[in-house]
Amino acid sequence: MILLFFFILFFVLLCYFNPAGAHETGLVGENPIGKPNNLMPFTAQIAVGRLPYVNIFGTDYDTPNSTGVRDYIHVVDVAIGHIVAMKQFEKNCGLKIYNLGTGKTISYRECARRSGDLATVYADATLACQELGWTA
């Protein structure tokens, strides 16, 4: 006797680009050990006195003020996005990919320009809004 088992797989891929901030409890957020790699945790460490300053580089991007432009999203909005995506896929199967972002860009001067950095990065979260009812 041959038994065949079919498993229905549920996959949700959530793409978010520049999560920043922390939950008020401090349990969700970024607190890197050592020198941070990203602008927001670097700035936060300067604000609390862990680091003395930030070097500003990268002023030759093809953007309105020649500095990098990013779509920052708060970590709590990302967490809520995870929750609504899981609830949606309790009743649906298959593969879905959602961008989680504000769709708004903020210009900044980078800490240090890195090889491969893009001039502008932001999310189109229209599908997450339409199908999950999620917005940042």
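The values are calculated or read from the model by the stated rules, or taken from the named source; none is laboratory data. Keep in mind it's a predicted model, so treat the numbers as computed, not measured. Heads up, the Cβs are rebuilt from the backbone with ideal geometry, glycines too, and the neighbour counts pull from every protein chain shown.
The set of residues from the range 87-102 being outside any strand (DSSP E or B) and over 12 Å from THR135 (Cβ atoms) comprises LYS87, GLN88, PHE89, GLU90, LYS91, ASN92, CYS93.
Is it the case that VAL84 is in contact with a Gly (Cβ under 8 Å, 6 or more places away or on another chain) and not in a strand (DSSP E or B)? Judged against the criteria, VAL84 is a match.
Taking the range 1-25 as the range and being modelled with pLDDT of 70 or more, more than 17 Å from the chain's Cα centre (by Cα) and part of a loop (DSSP other than H, G, I, E, B) as the test, the residues that pass are GLU24, THR25. With respect to CYS93, is the statement that it is over 30 Å from THR59 (Cα atoms) and either surrounded by 18 or more Cβ atoms within 10 Å (Cβ to Cβ) or modelled with pLDDT under 85 (or both) true? Spelling it out, CYS93 is indeed over 30 Å from THR59 (Cα atoms) and either surrounded by 18 or more Cβ atoms within 10 Å (Cβ to Cβ) or modelled with pLDDT under 85 (or both).
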